[in-house]
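Novice: Right, I'll just put the structure down here and ask away after.
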Amino acid sequence: MVEQFPDSGRAMGGNTPEFSVAEISGAIRRVLEGTFGRIRVRGEITEFKRYPSGHLYFSLKDEGGKLSSVVWRGTVSRLGLKPENGVEVIATGKISSYGERSSYQMVIDRLEYAGEGALLARIERLRLRLAQEGLFDAERKRPLPFLPRLIGVVTSAQGAVLHDIRTTIARRFPLPVLVWPVPVQGEGAAERIAHAIAGFDAIGPQSGVPRPDVLIVARGGGSLEDLMAFNDEEVLRAVAACRIPVISAVGHETDTTLIDFVSDQRAPTPTAAAEMAVPVRAELEAGLAQRAVRLRSGLERSLQLARARLDRAAAGLPDLPAVVENARRRLDDRAYRLDLALPARLSRLRDRVRNASDHLPAPQMILALRRAELNRVGTASQQAMGSLLHRRAATLGRLRVPPAVLVSQLRASKSVLAGAAGQLESLSPQAVLERGYVLVTDRAGRPLAQAAQARVEPEVIMTFADGTVAARPLEATPGPQGQLDL
C-alpha cells in the first residue's frame, strides 16, 4: 500500500514535493501501524529496564536483528509473565514509531514463553543453580508433624483445590485450616505466593494469630506456562527459608515444578497433600483400641506367669511349722546339754584351783622369810647406825663437843630414824596386803598391773596378807574401780 502524501508546496524550480519533519514522522507512523496492525514477534529479551514510571523497556533480538520494545505501565499486570533478560518469548502488540528520535518500536501488551523448550531450558538452568546452592538437599528437609493443631494453605480462594483440601481434612481428621488466598498464575502471582509463605513463617506469639504446624502450597493442573509461578526463584527461596514444614501439591500427578524439589514433601495432588498432613482419625482410634487389647492381654499373661512362678516357689519352700519345731527341739537339746556341762566345767575349774593351791608355798613360810629378811635389814640398819654414832661420837670427842649438844643431835637422829622406819613400814607390801588388797603376779613373779595382762596369762598368782592362791582367768570384765573380776 502506498500512501499519497499531501502537497505541502512545490519545490522552487522543480516538481519534487516539500514536507515538514512532523509530516514525514506522522506519515511513517501511519504506514507502520496501518501496514502491520497487530503482530506477534518471537525473540530473546535483552537490555531489560524498569523505569520509575512503571514502564518496561527492552529489546527483542534474534540472529538477524534487534527490535526495541516497550510495555506501558497499565499493561504490565496483564502481560502473562515476568520479563527477564535471556528469556525467549513471543510478544504480541503493534509497531509504532517515535518521531522525536526517528525510531520505531513495538508496543507490547502480551508476552508468552516461546514454546515449552525455552521454558524447560530456563527451568533447568534455575534448577542447576539452586541445586549447587544446596536448596534441594535432603538434609534440609524437615519431617511433617504427626498430628498438627493447625494447617496453613496457600492457594487460590476460587476453584476446587481449596474445597478438596478442606473436604479431605474434615473426612480424615477434622482440624482447623488457615487459608492465605493468592493468585496462582499470571503477573504478580509468584510475588504473592512468596509473600504468603513468608507471612505464615513470620507469625509469632505476639501476633494474635495461631501459627500453623504445616503448610500446603497447592493449585490445580494446567499448562507449563500456567505453572510457571511455582518455578519462580522468589517462591523457591521463600519455601527454603520457611521454618514450617511445607507440602507442595501443584498440578496433576505427572506435573513437576521446582517447588517440588525444595519443599519438605511433594504430593501428586492437593487431595494427597491433605492426606499427608493429617492421619485418619478412625485408624488412630482403631490402633489405640488394638494396642489397649494387646496391653491388656500382655498384662494378663505377665500376671499368669508371675502367679505360676509364685506357686512354684511356694511349692519349693519347706514346711515352716516343721522347721520351727526342729529349731525348738535343737534349742531344748542344747539347753539341756548346757545345764549338764556348766557344773562339770565348774568342777574341773575347782580341781585345777585346788591342784594349784597345793603347789603353792605355805603362807607361814613366806611370812617367816619376810620377817627374817626384815630382821636382817633392821640388824644391818642398827649396826650401821651404831657405827655411824660411834664415828660421830669419836668426831665429837675430837671436836670436844659439849654433851648437851651431842645429846640433842642423837635425839634428832633418833627421830629421823623413827620417821624412816615408819615410812618403810607404810610402804611395806605386807602392810598393803593386811589392808585387804591382793598382789597379782604371773608364774615368774612379775606383777600384773593391768587386766589385759592378766587376761593373756594361762594362770596367775594372787598373794593375800595370809598366803597365796593360784587362779586361772575365766572372763575379764572391767570392775567398778578398774579391778578384774576373775
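Novice: Could you count how many residues in region 71-81 are farther than 18 Å from Pro52 by Cβ and among the basic types (Lys, Arg)?
Specialist: Going through region 71-81, the residues farther than 18 Å from Pro52 by Cβ turn out to be 78-81.
Narrowing the set further to residues that are among the basic types (Lys, Arg) leaves 78.
So the answer is 1.
Novice: Something else now. Can you tell me which residue in region 140-188 is surrounded by the most Cβ atoms within 10 Å (Cβ to Cβ), limited to those that are in a helix (DSSP H, G or I) and hydroxyl-bearing (Ser, Thr, Tyr)? Outline the logic, then answer.
Specialist: Quick first cut of region 140-188, residues in a helix (DSSP H, G or I) only: 140, 160-172.
Filter once more, keeping what is hydroxyl-bearing (Ser, Thr, Tyr): 167-168.
Numbers: Thr167: 13, Thr168: 19.
Going through the qualifying residues, I end up with Thr168.
Novice: So, in region 53-65, of the ones that are in contact with a strand residue (DSSP E or B) (Cβ under 6 Å, 6 or more places away or on another chain) and modelled with pLDDT of 85 or more, which residue ends up farthest from Gly93 (Cα to Cα)?
Specialist: By that ranking, first place goes to Lys61.
Novice: Any residue in region 118-129 that is closer than 10 Å to Glu88 by Cα sitting within a Cβ distance under 7 Å of a residue that is acidic (Asp, Glu) and surrounded by 17 or more Cβ atoms within 10 Å (Cβ to Cβ)? List the pairs, counting only those 6 or more apart or interchain.
Specialist: Ala118/Glu88
Novice: Let me ask another. Return a yes/no flag: does region 242-261 have any residue that is surrounded by fewer than 18 Cβ atoms within 10 Å (Cβ to Cβ) and in contact with a strand residue (DSSP E or B) (Cβ under 8 Å, 6 or more places away or on another chain).
Specialist: Within region 242-261 (the criterion being surrounded by fewer than 18 Cβ atoms within 10 Å (Cβ to Cβ) and in contact with a strand residue (DSSP E or B) (Cβ under 8 Å, 6 or more places away or on another chain)), the answer is no, since none of the residues qualifies.
Novice: What number of residues within region 255-269 are more than 15 Å from Leu126 (Cβ to Cβ) and touching a helix residue (DSSP H, G or I) at 6+ places or on another chain (Cβ under 7 Å)?
Specialist: Final tally of qualifying residues: 4.
Novice: Just for region 194-204: of the residues that are surrounded by 19 or more Cβ atoms within 10 Å (Cβ to Cβ), hydrophobic (A, V, I, L, M, F, W, C) and touching a Lys or Arg at 6+ places or on another chain (Cβ under 9 Å), which one is farthest from Gly251 (Cα to Cα)? Write out each step before concluding.
Specialist: Initial filter on region 194-204 (surrounded by 19 or more Cβ atoms within 10 Å (Cβ to Cβ)): 194, 196-197, 200-201.
Filter again for hydrophobic (A, V, I, L, M, F, W, C), leaving 194, 196-197, 200.
Now narrow it down to the ones that are touching a Lys or Arg at 6+ places or on another chain (Cβ under 9 Å): 194, 200.
Values: Ala194: 18, Phe200: 22 Å.
Filtering region 194-204 for residues that are surrounded by 19 or more Cβ atoms within 10 Å (Cβ to Cβ), hydrophobic (A, V, I, L, M, F, W, C) and touching a Lys or Arg at 6+ places or on another chain (Cβ under 9 Å), the one farthest from Gly251 (Cα to Cα) comes out as Phe200.
Novice: Going by what's in this entry, would Glu191 be described as among the acidic types (Asp, Glu), within 26 Å of Arg110 (Cβ to Cβ) and assigned to a loop (DSSP other than H, G, I, E, B)? Spell out how you get there, then give the answer.
Specialist: Working: among the acidic types (Asp, Glu): yes; within 26 Å of Arg110 (Cβ to Cβ): yes; assigned to a loop (DSSP other than H, G, I, E, B): no.
No: the conditions fail for Glu191.
The values are calculated or read from the model by the stated rules, or taken from the named source; none is laboratory data. None of the values given here were measured: they were computed from a predicted structure. Virtual Cβ from ideal backbone geometry, glycine too; neighbours counted across all protein chains shown.
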